[in-house]
Amino acid sequence: MSETIAILGSGGWGTTLAVLLDEAGHHCRLWVRRPDEALDIERLRQNSRFLPGIPLPNTLRITSEPAEALDGATLAFIVVPMRSLAENLRALGPHLPPDAVIVSGVKGIAADTGQRVSEIAAAELGPDILHRWVALSGPNIGREVAAREATTTVIAGPNRAITERVQRIFTLPWFRAYTSDDLIGVELAGALKNIVAIGAGMVDGLHLGQNAHAALLTRGLAEMTRLGIAAGANPLTFGGLAGIGDLVATCGSAQSRNHYVGVQLAQGHSLSDITGYMENVAEGIETTRGARVLARSLQVELPIAETMHEVLF
């Protein structure tokens, strides 16, 4: 069954989802925050800034108007940087259809409060939003997905009927979605693995070898799980696609933004110089701050995250 879908956010992952869902036969609209950028994408039929080389289907609508993007939408994908999530939710909230399912593709922990994505959504849009809120996370390197390379993802939320509905919209033979009822675990796994990925990039940039790389991932997974359990997550989530699956992909891919940051740090570049040259956001940087806040509130020790905080800041 075809859905009317708004993809709110035109970064690399948001644009990839728009291409994927359009190909799956849905009516898709991509919301671009800046009008000039929306016009550029419409003219070129390509997001040359965040996803160069991937043509956009002619059936995909591009708009900078929230009302136009969300008009009649049955599903809305939120795919914006974590640092601007609250601001975007305030701007988009009045235009959200009252029955639309909200799918979050945001991965992060608020730097100042330690809040998860759905907690910020509840604070900005009201707690009732969580009845129709799900998280999408997994080993999903955007350019590989856009190139139609096989992958899987997880749809997590408390309402099984809704998670299964979102699962069904991904009807492509090379993209498979699974469901989970552990929203807390999937959100935390998707955020925390980015911290470990920066560390993995440093290990690789310093040529410390595969033993050190594997050890960091293993101890990083234990640290992620420990914090997840304290926050109320199911520990088994961290052994699945949203946990170890996403961790392995992000820590080993040359296309991973967070891994790239670690490699560049190991080569002696400053954090400000690294981020100044990046188009996309490496969410692990600010997530390191947020994880530290959350861990201290829950009295959980995170030695890797604490060390990464010292390195980064």
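Of the residues that make up the stretch 62-71, is at least one open to solvent by 20 Å² or more (accessible area, probe 1.4 Å), assigned to a strand (DSSP E or B), in contact with a His (Cβ under 7 Å, 6 or more places away or on another chain) and touching a residue at least 40 places away in the same chain (Cβ under 8 Å)? No: the stretch 62-71 contains no residue that is open to solvent by 20 Å² or more (accessible area, probe 1.4 Å), assigned to a strand (DSSP E or B), in contact with a His (Cβ under 7 Å, 6 or more places away or on another chain) and touching a residue at least 40 places away in the same chain (Cβ under 8 Å).
Inside the stretch 161-170, residues that are assigned to a loop (DSSP other than H, G, I, E, B) and either at positive phi or without any contact (Cβ under 8 Å) to a residue 60 or more places away in the chain (or both) make up a count of 0.
Quick check on ARG226: is it surrounded by fewer than 15 Cβ atoms within 10 Å (Cβ to Cβ) and in a helix (DSSP H, G or I)?
No; evaluated as a whole, the condition is false for this residue.
Counting only helices (runs of 4 or more DSSP H) that sit wholly inside the stretch 239-296, those with at least 1 residues that are crowded, with 20+ Cβ neighbours inside 10 Å are 246-252, 257-266.
Taking HIS27, is it open to solvent by 30 Å² or more (accessible area, probe 1.4 Å) and farther than 30 Å from ALA150 by Cβ? Give the steps one after another, and end with the answer.
Working: open to solvent by 30 Å² or more (accessible area, probe 1.4 Å): yes; farther than 30 Å from ALA150 by Cβ: no.
The answer is no for HIS27.
Of all residue pairs spaced 6 or more apart or on separate chains, those with beta-carbon atoms under 8 Å, a first member in the stretch 9-21 that is among the aromatic types (Phe, Trp, Tyr) and a second member that is open to solvent by 10 Å² or more (accessible area, probe 1.4 Å) are TRP13/VAL79; TRP13/GLY105; TRP13/ASN140; TRP13/GLY142.
With respect to the stated conditions, LEU89 is over 21 Å from LEU20 (Cβ atoms), at pLDDT 95 or above and either among the small types (Gly, Ala, Ser) or open to solvent by less than 10 Å² (accessible area, probe 1.4 Å) (or both).
If we scan the stretch 113-120, do we find a residue that is farther than 23 Å from PHE50 by Cβ, open to solvent by 20 Å² or more (accessible area, probe 1.4 Å) and among the polar types (S, T, N, Q)? Scanning the stretch 113-120, I find at least one residue that is farther than 23 Å from PHE50 by Cβ, open to solvent by 20 Å² or more (accessible area, probe 1.4 Å) and among the polar types (S, T, N, Q), so the answer is yes. State which residue is nearest to ASN194 (Cα to Cα) when the search covers only the stretch 76-99 and only residues that are outside any helix (DSSP H, G or I) and out of contact with any helix residue (DSSP H, G or I) (no Cβ under 7 Å at 6 or more places or on another chain). So the residue we want is PRO81. Across the stretch 171-215, the qualifying residues are those that are in a strand (DSSP E or B) and touching a Leu at 6+ places or on another chain (Cβ under 7 Å), and the one among them that is farthest from ASN140 (Cα to Cα) is TYR178.
For beta carbons closer than 8 Å, sequence separation of 6+ or different chains, a first residue in the stretch 102-127 that is within 17 Å of SER297 (Cβ to Cβ) and among the polar types (S, T, N, Q) and a second that is in a helix (DSSP H, G or I) and open to solvent by less than 10 Å² (accessible area, probe 1.4 Å), the qualifying pairs are THR113/GLY290; GLN115/GLY290.
Of all the residues in the stretch 137-160, those that are open to solvent by less than 30 Å² (accessible area, probe 1.4 Å) and free of Cβ contacts under 8 Å to residues at least 40 places away in the same chain number 2.
From the residues in the stretch 30-45 that are within 21 Å of the chain's Cα centre (by Cα) and either outside any loop (DSSP other than H, G, I, E, B) or at positive phi (or both), which one is surrounded by the fewest Cβ atoms within 10 Å (Cβ to Cβ)? Here the residue is TRP31.
The values are calculated or read from the model by the stated rules, or taken from the named source; none is laboratory data. This structure is a prediction, so every number in the text was calculated from the model and none was measured. With ideal geometry, Cβ positions are generated from the backbone for all residues, glycine too; neighbour counts draw on all protein chains shown. Side chains included, ligands, DNA and RNA excluded: accessible areas come from the protein's heavy atoms. Shrake-Rupley method; radii C 1.70, N 1.55, O 1.52, S 1.80 Å.
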